[in-house]
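What follows is one structure encoded as structure tokens, with my remarks underneath.
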Amino acid sequence: MNTQLLFDSLKIKSIIGSLPESVDHIEVDSRAVQPNTVFFCIKGHTTDGHDHAQSAIEKGATVIVAEKELELDADQVALVVVRNTSRALAHIANHFYQFPSKNMNVIGVTGTNGKTSVTNLIHQLIRRGGEGSALSGTIGFDLDGTLYASANTTSDIITTQRMLVKAREADVSNMVFEVSSHGLIEGRLWGVDFDVVTFTNLTHDHLDFHGTMEHYGYAKGLLFSQLGQDLTKPKYAVLNVDDEWFDQYASMTPFEVISYSMEKPADFFATNIVYLDDRTEFLMHSPEGEFQVETQLLGIFNVSNVLAAIATLYATGESVSSLVERLKEIPPISGRMELVQTSAPLSIYIDYAHTPDAIEKAIQSVMPFKKNRILFLVGTGGNRDKSKRPTMAEKASLADYVVLTTDDPRYESYDSILTDLEKGMKHEQYALIGDREEAVRHIMEIAEPDDIIIFAGKGHEDYQIIENTKYPHSDREIALSVAETRF
Ligand SMILES: Nc1ncnc2c1ncn2[C@@H]1O[C@H](COP(=O)(O)OP(=O)(O)OP(=O)(O)O)[C@@H](O)[C@H]1O
Ligand SMILES: [Mg+2]
């Protein structure tokens, strides 16, 4: 690609050395640099790309983009100094990959809880309608049915652009992004031309990173401002009326707002909700009339998630009646109120609840079909937002019996985690067991017929991180092995 053209969109502070006529690659990770690469020095949390410029040159970088002058050999490489390398990267990556998001239908979903669930629903509904869809999120990058691993819920600028390119090359015209607040604050989605952006909810999480709920809410709101101001193309924000951030987010965009709610009249809202232990049914009111909805997804929050997904695809032009038909076939989402198949006389659910709000909703979800007790196991991660711990346990107290444990303790001691959790307990029926395997065994040992057991926090994850090592761990397998010996 012509180097001059690539840099034309930027106001450059200075260039030292001369730019090569053309370049073949762009990169932010010095280890991945190949001959004739433009290397961007990005300041991260743990490393500063400026420290890796020299090793990028050794691997063949011919242009270094940095925020300051670096001592480099000008015969070997051109140094381009810009004000902000992340911003420069967003521009250049788009030029380099030829604006892949521009001609695609791009959907972004943000919120504290429900992002993975809603993006999965949207992705599957599109695919069941006969179109291709790519999905990027916590579970990885799913290119129309083929799953690739990814490091974060929201990937960096280059990885994001490359995913869009892969989708374009595979003739997939829909791309769904799960958007984290970290990703928004760090500008990882700069340059993605969204068509519809959807909000689930905002409740307590990640305050170790954001400090206050105001800042956290502001971070999520960036997604709505990223719809832009270009009214030549219809775009939509899909917002949850039940959340207090509705008005603020609506005010961040000139585009039309489509609303949904579980409690109040909105463009899409639910009444007559019936929670069953293998499916959920409700009457959905929509701009295209009323529909009886049936889904295999369980739990109160999934009614809200289904409304969000249907409203989002309605915004893209799909017919509501067809979406309702396709929804029936969609299986539960892995590790999200997922019922475990067992011959034991118990109902066992695997869920990913790791915030106070999600815990409360997970327990409330099984109350309608409670016959005996509700047993609830939850842990919290070490070296992460500690302020949510007591409230997590407080919400867990809604269950008849609670096991408090760990969920990736990292470098923190079991005692330190459990002491924080214990502070929030509202009744005496609980056990504190740091080792998660032992905790799962304990809850299974005390289970009685007709009990409902929820294992929360791990969801689809199949590991436990202790210090910096990932050990294989599956709540489901441990629970089933105990169930076999007991029932
Ligand atoms: N709409 C919702 N409201 C409240 N809680 C929800 C909602 N949807 C899901 N949950 C709860 O949150 C858990 C995580 O759901 P999901 O993985 O969809 O959220 P997420 O936003 O992707 O989370 P993460 O930020 O960890 O990626 C679920 O297992 C469930 O307990
Ligand atoms: Mg997620």
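Here are a few things to note about the model shown:
- Scope region 194-237; condition among the hydroxyl-bearing types (S, T, Y) and under 16 Å from the mean Cα position of the chain (by Cα); matching residues: T198, T200, T203, Y216
- The set of residues in region 332-359 that are surrounded by fewer than 21 Cβ atoms within 10 Å (Cβ to Cβ) and more than 19 Å from the chain's Cα centre (by Cα) comprises L339, V340, Q341, T342, S343, A344, P345.
- Considering residues of region 141-151 that are hydrophobic (A, V, I, L, M, F, W, C) and surrounded by 11 or more Cβ atoms within 10 Å (Cβ to Cβ) only, the residue farthest from ligand 1 (Cβ to nearest atom): L143
- One residue from S387, S397 being crowded, with 17+ Cβ neighbours inside 10 Å and touching a residue at least 12 places away in the same chain (Cβ under 8 Å): S397
- Lone unmet requirement of (1) more than 16 Å from ligand 1 (Cβ to nearest atom); (2) over 13 Å from I107 (Cβ atoms) for L164: (2)
- Residue in region 122-140 that is farthest from T154 (Cα to Cα), counting only those that are within 16 Å of ligand 1 (Cβ to nearest atom) and touching a helix residue (DSSP H, G or I) at 6+ places or on another chain (Cβ under 7 Å): L125
- Residues within region 152-164 that are open to solvent by less than 40 Å² (accessible area, probe 1.4 Å) and part of a loop (DSSP other than H, G, I, E, B), tallied: 3
- Selection status of H206, within 14 Å of ligand 2 (Cβ to nearest atom), at pLDDT below 90 and open to solvent by 30 Å² or more (accessible area, probe 1.4 Å): yes
- Out of R127, R168, sole residue that is more than 15 Å from S101 (Cβ to Cβ) and either away from ligand 2 (no atom under 16 Å from the Cβ) or in contact (Cβ under 8 Å) with a residue 60 or more places away in the chain (or both): R127
To keep it simple, each residue is scored yes or no on (1) open to solvent by less than 40 Å² (accessible area, probe 1.4 Å); (2) farther than 21 Å from S18 by Cβ.
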site: T37; (1), (2): yes, no
site: T46; (1), (2): no, yes
site: S55; (1), (2): no, yes
site: E71; (1), (2): no, no
site: V77; (1), (2): yes, no
site: Q98; (1), (2): no, yes
site: G111; (1), (2): yes, yes
site: T116; (1), (2): yes, yes
site: H123; (1), (2): yes, yes
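- So N94, is it away from ligand 1 (no atom under 16 Å from the Cβ), exposed (fewer than 15 other Cβ atoms within 10 Å of the Cβ) and not acidic (D, E): no
- Evaluating P409 against the criteria (1) at negative phi; (2) touching an Asp or Glu at 6+ places or on another chain (Cβ under 7 Å) leaves one unmet condition, (2).
- Flag if A32 is modelled with pLDDT of 90 or more, at negative phi and in contact with a Leu (Cβ under 8 Å, 6 or more places away or on another chain): no
- Residues in region 428-487 that are more than 26 Å from the chain's Cα centre (by Cα), within 24 Å of K395 (Cβ to Cβ) and among the polar types (S, T, N, Q): Q429 alone.
- Inside region 176-193, residues that are of a type in the set (A, V, I, L, M), more than 14 Å from the chain's Cα centre (by Cα) and under 13 Å from S155 (Cβ atoms) make up a count of 1.
- Residue that is in contact with a Phe, Trp or Tyr (Cβ under 6 Å, 6 or more places away or on another chain) and modelled with pLDDT of 95 or more, where the choices are L307, L327, L323, L313: L307
- Hits in region 294-311 - residues which are more than 16 Å from ligand 2 (Cβ to nearest atom) and either open to solvent by 40 Å² or more (accessible area, probe 1.4 Å) or within 17 Å of N240 (Cβ to Cβ) (or both): E294, Q296, I300, V303, V306, L307, I310, A311
- Against the numbered list (1) within 16 Å of ligand 2 (Cβ to nearest atom); (2) of a type in the set (S, T, Y); (3) surrounded by 23 or more Cβ atoms within 10 Å (Cβ to Cβ), S133 comes up short only at (1).
- Where a residue in region 1-20 is without any contact (Cβ under 8 Å) to a residue 40 or more places away in the chain and its partner, wherever it lies, is in a strand (DSSP E or B), with Cβ under 8 Å and at least six apart: N2/S22
The values are calculated or read from the model by the stated rules, or taken from the named source; none is laboratory data. All figures in this text were calculated on a predicted structure; none of them were measured in a lab. Neighbour counts run over all protein chains shown; Cβ positions are idealised from the backbone, glycine included. With ligands, DNA and RNA removed, areas are computed over all heavy atoms of the protein, side chains included. Shrake-Rupley method; radii C 1.70, N 1.55, O 1.52, S 1.80 Å.
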